[in-house]
Structure formats: structure tokens, C-alpha cells
Amino acid sequence: MQSRAPVACAARRAGGLLMRWIIPLSAAGVLALFAWLLWPSAAPLSGGSLALRTLMPVLGQAGGEDPSAFAETGGDWEFSFPRDHGVHERYRTELWDLSGLLTDTDGRRHGLRLTFVRFALQPPDFTRDSAFGAGALVAARLSLLPEDGEAVVEERLSRDALGLAGASVEPTAVWAGDWRLSGSDDGGFVLNAQIEGRSLTLSLTSAKAPVGGDRALLPAGAPATEGADPGFHFYLQSRLAVSGELAEAGAGKGAAKTVSGSAWLDHAWGSTAGALSGSRGRLALNRFALQLGDGTELMCLQLRRRAGGGTPIPTCLYVGSDGEMRRFARRDLTLEPEDGAWASPIDGTAYPLAWRLAIPALALDVAVRPLQPDQELMLIERLWSGAVTLSGRRDGRAIDGVGRMDLSGYALADDG
């Protein structure tokens, strides 16, 4: 099953639960809520054929009544690579979310986003009666956004039967049809995909070790008990060097263009129920995954009230060029929108697309701008999620960069 669409998202709760959410969200951003936030809609915004709520009864009943059919997260995870790049079959839900910015030989930039979400229907030891039987569903979404043209977007929902879709450990891979993200011998990845006459063949080399861990990303002093477990195990591959080829639609044989750039991979696995609860709450989350030109990265979150008012709460995780991590709380940084907003063509929802980020301890002050304004997405709710560029100064010298920005909670909930 395939369809095309833009997508969406949001975050959580108010009142006395505020601090409970800040701890896991500041640790891993939307990864703690990844399935709920990143499930690709299989219907365009203007009308619905398949929405996440349609699958809820199926996902809610999968695995029978035995609560031990799937593993729970509980406790820290001892990461081992390349094994943890692959599937974790004992867990109900798993996400691979790759985003990047590519530049071709003509200097033209392209935003790239590839997301796989695996929903287990049966535990791995379940015996299938037929080769047509499926133990999991794989949802996937691929988008290519040229800086000066219209985005190409495709979404898929398939079964892990007859080789239609799936995920594995040996070899390390996740796929849906001819979209395939595979592990490479050097510890990186290889991406092969076809979309509307375009062909992508990319090599993604890890420039840094994965930033891992359920507690390694938590703020210093975070409690190890209630509220500190986000419900998922996860890691971030904060910088992947990308090289390869992009063949445009209609290009003759051998006319593929060389592309290069950088990418970011989020990988998480855990249970489904909490992530798919659908509760929207009064809080919303903005997320910024940023790669600076000096070889460092920032993941910044801003927790705010949907209806406005109050003071938004920002926090940033900094990954140095040597992999060292530092955390910056609200008093250590400025993360705020600047003048001007982009209005959604759907209903006029205003998204603040121009942002300023300043961290005095890093002598950093940068402007965040969209590669292209029209990058609105649809999930259970709508959000703006797409490629951005950076420009500014660090230590008195000019600096640039690329990244991804997710802005949730600005649009009214779609109840249809």
C-alpha cells in the first residue's frame, strides 16, 4: 500500500506532570514518544484513507493477552555495535529515522528524510502457519526536498512476509520494498532507494561513535526512578558523512549526479502503548537537531504551552568534535523565534520558522532558517518538520551548518 502526503506531530502534558516530562524529553527529544510522533500518515492532509487511529485496534490487540509476549524497557541498555543497528524483535515498536542535507555537483541542495517504523504483531517465537503470515508491519516514509523545487514524498505500509518488508540483525538491515538501509563493513550504512523515477545510492560513514544511552543523555542529577525512564532504549548517530549518487527523474542512463553531505540517525525501540496513547495534553515540543560546520552537534528542545503564555523551557545537548557531551539548561542559553512566520496553505496556521540560538559558554550565536518554508507534515496532528540551515558566529568567527527542525502544537488538532 502506498500513498503520498505531507505529515505531523506534538507532545504532552501540563500541571504537576511538567517535571516528569522534562526529564525524559530533555534526554532524547521526541525519541521517547517516537512512534506517536513519527508515524507516517498514509493519507494526504485534505482527506483520509488510512490514519494511525485506523490501526490502533490492530496494534492494541497484537500479541494476545500475555503481557510477557514482548519485552519491557526497564533499566539501562548495554549497547553493542553493529548489533544494535539492527532489529530488536522482542520489543513491540522500533524506529529508524534518518535525516540529512545533500549537495549535488551543481551546488544544488536536497533535504533527505527516511523513516522506518516497525510494529510487531507477534513475538519472534510465534510460529507462522503460512509464508503469507506476517509477524510485523513496517511503515516507511521517504522525502526528497530540493531547495528550489517541490518535494517528492512517498509513504508505504507493508508486512514482513515474502520479503516485502522487514528488519534483521545479520545482515544489519531494514527495508520496505526497494527502500533499504543496510549496515556496511566500516560500521556505517548504505542506503538504496527509488522514488518517482529518482534513484538514490548513498554511503553513510560514521564520523563519531553513537551517542547512547537511556541515562547517558539525561540531565545530570536526574532521578533514576519515577519519570526518568522514557520507555524506550535509544541512541543517536549525530554525524554521518554522506557520499553517493542521485539520479533525477528523466535523466538518461549514466546521468546520475554525485552528492555529498551529512546526516543524522535516531534509532529507538520499546513498547507501543504509551507512545500511541494519542493524548495531546497542553504542552508541545519543538526539537532542533543541528550539525555545525566545526564538527560539533547540538540537539535542543523547547517545551512550551500550546495556548501560549508562560515561559518556554529550552535545553540543549552538545556533542563536541571529540564526542564529549555537555548539557545546557534554560539559564545557559537563548532559543527563541525571530520576526516573521510562515502560514500553512491548509488553514493559515502560523509556524515560526526563523529562530536564534545563543549559548554564551560556547561563544555561539546562530540563526536557524528553513531550507524551504513548505515542509508541513501530518500525523495524528500537524507539525512543521524539515531541513534547516545555520549561519552565525562562534568564537568571533563565521560558522554555518545544517540540521532538522520539528515544530509541534501550532496547528489545531484534526478530529476527522
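If the requirement is being over 20 Å from the mean Cα position of the chain (by Cα) and of a type outside the set (D, E, K, R), which of these qualifies: ALA358, ALA289?
Numbers: ALA289 fails: over 20 Å from the mean Cα position of the chain (by Cα).
That would be ALA358, the only listed residue that is over 20 Å from the mean Cα position of the chain (by Cα) and of a type outside the set (D, E, K, R).
Filter the stretch 151-172 down to the residues that are part of a loop (DSSP other than H, G, I, E, B) and at negative phi, then identify the one that is nearest to the chain's Cα centre (by Cα).
Quick first cut of the stretch 151-172, residues part of a loop (DSSP other than H, G, I, E, B) only: 151, 160-164, 169-172.
Imposing the further condition that a residue be at negative phi reduces the set to 151, 160-161, 164, 169-172.
On the way: ALA151: 18, ASP160: 22, ALA161: 26, LEU164: 23, VAL169: 21, GLU170: 24, PRO171: 23, THR172: 19 Å.
Result: ALA151.
Any idea which residue in the stretch 342-391 is nearest to ARG306 (Cα to Cα), counting only those that are at pLDDT below 95 and hydroxyl-bearing (Ser, Thr, Tyr)?
The residue in question is THR349.
Would you point out which residue out of ASP84, ASP148 is under 20 Å from the mean Cα position of the chain (by Cα), among the acidic types (Asp, Glu) and either in a loop (DSSP other than H, G, I, E, B) or over 30 Å from LEU371 (Cβ atoms) (or both)? Break it down into steps so the answer makes sense when it comes.
On the way: ASP148 fails: under 20 Å from the mean Cα position of the chain (by Cα).
Result: ASP84 is the single residue among ASP84, ASP148 that is under 20 Å from the mean Cα position of the chain (by Cα), among the acidic types (Asp, Glu) and either in a loop (DSSP other than H, G, I, E, B) or over 30 Å from LEU371 (Cβ atoms) (or both).
Counting just the residues of the stretch 330-384 that are farther than 15 Å from ARG287 by Cβ and among the β-branched types (Val, Ile, Thr), which one comes out surrounded by the fewest Cβ atoms within 10 Å (Cβ to Cβ)?
Only one residue fits best here, namely THR334.
So is THR315 of a type outside the set (D, E, K, R), in a strand (DSSP E or B) and crowded, with 22+ Cβ neighbours inside 10 Å or not? Step through it out loud before you land on a result.
On the way: of a type outside the set (D, E, K, R): yes; in a strand (DSSP E or B): yes; crowded, with 22+ Cβ neighbours inside 10 Å: yes.
So THR315 fits the description; yes.
Would you check if GLY166 is within 29 Å of TRP384 (Cα to Cα), surrounded by 15 or more Cβ atoms within 10 Å (Cβ to Cβ), small (Gly, Ala, Ser) and modelled with pLDDT of 90 or more? So that I can check it myself, show each step before the final result.
On the way: within 29 Å of TRP384 (Cα to Cα): yes; surrounded by 15 or more Cβ atoms within 10 Å (Cβ to Cβ): yes; small (Gly, Ala, Ser): yes; modelled with pLDDT of 90 or more: yes.
Here the answer is yes, as GLY166 does meet what is asked.
Among the residues of the stretch 286-299, are any part of a loop (DSSP other than H, G, I, E, B), at pLDDT below 90 and not basic (Lys, Arg)?
Applying the first criterion (part of a loop (DSSP other than H, G, I, E, B)) to the stretch 286-299 yields 293-296.
Cutting the leftovers down to at pLDDT below 90 gives us none.
No, the stretch 286-299 contains no residue that is part of a loop (DSSP other than H, G, I, E, B), at pLDDT below 90 and not basic (Lys, Arg).
Checking the condition among the small types (Gly, Ala, Ser) and under 27 Å from LEU265 (Cα atoms), which residue from ALA350, ALA398 passes? Reasoning before the result, please.
Values: ALA350 fails: under 27 Å from LEU265 (Cα atoms).
When all the criteria are applied, what remains is ALA398.
When only residues in the stretch 104-118 that are in contact with a Ser or Thr (Cβ under 6 Å, 6 or more places away or on another chain) and in a strand (DSSP E or B) count, which is surrounded by the most Cβ atoms within 10 Å (Cβ to Cβ)?
In the first step, residues of the stretch 104-118 are kept if they are in contact with a Ser or Thr (Cβ under 6 Å, 6 or more places away or on another chain); the result is 105, 109, 113.
The next check asks that each one be in a strand (DSSP E or B); those that pass are 109, 113.
Numbers: ARG109: 19, ARG113: 23.
That would be ARG113.
Does the stretch 196-203 contain at least one residue that is closer than 30 Å to ARG330 by Cβ and either surrounded by fewer than 17 Cβ atoms within 10 Å (Cβ to Cβ) or modelled with pLDDT of 95 or more (or both)? Write out each step before concluding.
First, pick out the residues of the stretch 196-203 that are closer than 30 Å to ARG330 by Cβ: none.
No, every residue in the stretch 196-203 fails to be closer than 30 Å to ARG330 by Cβ and either surrounded by fewer than 17 Cβ atoms within 10 Å (Cβ to Cβ) or modelled with pLDDT of 95 or more (or both).
The values are calculated or read from the model by the stated rules, or taken from the named source; none is laboratory data. Worth saying up front: this structure is predicted, and the values here are computed from it rather than measured. Using ideal geometry, Cβ is built from the backbone for each residue, glycine included, and neighbour counts are taken over all protein chains shown.
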